[in-house]
Amino acid sequence: SLNLYADILLRHLGKGSAEEGIDAIKSYLEKMGIDSTDTNLFDGSGLARSNSTTCKTIVSLLEQVQKQPYGQDFIESLSVVGDENDIGNMSNRMKDTLAVGKARVKTGSIEGVRAHAGYVQDRQNKLIAFCVISNNFTLSRAEIDALQEEIILSLASLNKKADKRTNKK
């Protein structure tokens, strides 16, 4: 990701003002029916410690974006897991797994925070929006990434037909 571009885009949305750009983003969330009360924004890049949101908000946004006319373009802009031709940082991760070519992910990190969010297709090719954020962890970054990748792999492994629960008496 290009953090400078993200900051400039925020100011562009606000006609030169970061504060008005933040207001524009919150208005967009509200227009999409997403509660933004749990989202605090300071900059466009996400690098300020005062930026925060929840996985619920991110997943809600991903689900809404997917439904928009630009949804497919957005999805295709995300890094493809295991695709060596992809320039994103997921190109060399989760190789030889069900997630290869089926998960598109945006990663994020600052000191003490690691995040993965995006979309993954399950075994029935249903597209699932997901977000995993780890805060204030004591494990190494590699260990946190591995745990978050396990969650993505679990989603890719879902088989709706086989996972249906039955009521047995």
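The values are calculated or read from the model by the stated rules, or taken from the named source; none is laboratory data. Please read all numbers here as calculations on a predicted model, not as lab measurements. All Cβ positions, glycine included, derive from the backbone under ideal geometry; neighbour counts span all protein chains shown. The accessibility values were calculated without ligands, DNA or RNA, using every heavy atom of the protein model including side chains. Shrake-Rupley method; radii C 1.70, N 1.55, O 1.52, S 1.80 Å.
Taking every residue in segment 64-85 that is in contact (Cβ under 8 Å) with a residue 60 or more places away in the chain and pairing it with any residue that is surrounded by 14 or more Cβ atoms within 10 Å (Cβ to Cβ) and part of a helix (DSSP H, G or I), at least 6 positions away or on another chain, the pairs with Cβ-Cβ distances below 9 Å are Gln66/Phe74; Gln66/Ile75; Val81/Glu149; Val81/Ile152; Val81/Ala156. Restricted to segment 1-117, the set of helices (runs of 4 or more DSSP H) holding at least 3 residues that are among the charged types (D, E, K, R) comprises 18-31. For segment 84-95, the set of residues classified as open to solvent by 100 Å² or more (accessible area, probe 1.4 Å) and not β-branched (Val, Ile, Thr) consists of Glu84, Asn85, Asn92, listed by residue number. Of Asn167, Asn159, all but one fail to be open to solvent by less than 50 Å² (accessible area, probe 1.4 Å), at pLDDT below 95 and more than 15 Å from Ser109 (Cα to Cα); the exception is Asn159. Val59 meets the stated requirement of being in contact with a Cys (Cβ under 7 Å, 6 or more places away or on another chain), under 21 Å from Asp122 (Cβ atoms) and open to solvent by less than 40 Å² (accessible area, probe 1.4 Å). The residue list Val132, Val113, Val120, Val81 contains one member that is in contact with a His (Cβ under 6 Å, 6 or more places away or on another chain) and open to solvent by less than 50 Å² (accessible area, probe 1.4 Å), which is Val132. A search for C-beta distances below 6 Å between a residue of segment 135-156 that is closer than 11 Å to Arg114 by Cβ and any residue that is open to solvent by less than 50 Å² (accessible area, probe 1.4 Å) and part of a helix (DSSP H, G or I), counting only pairs 6+ apart in sequence or on different chains, returns Phe137/Ile144.
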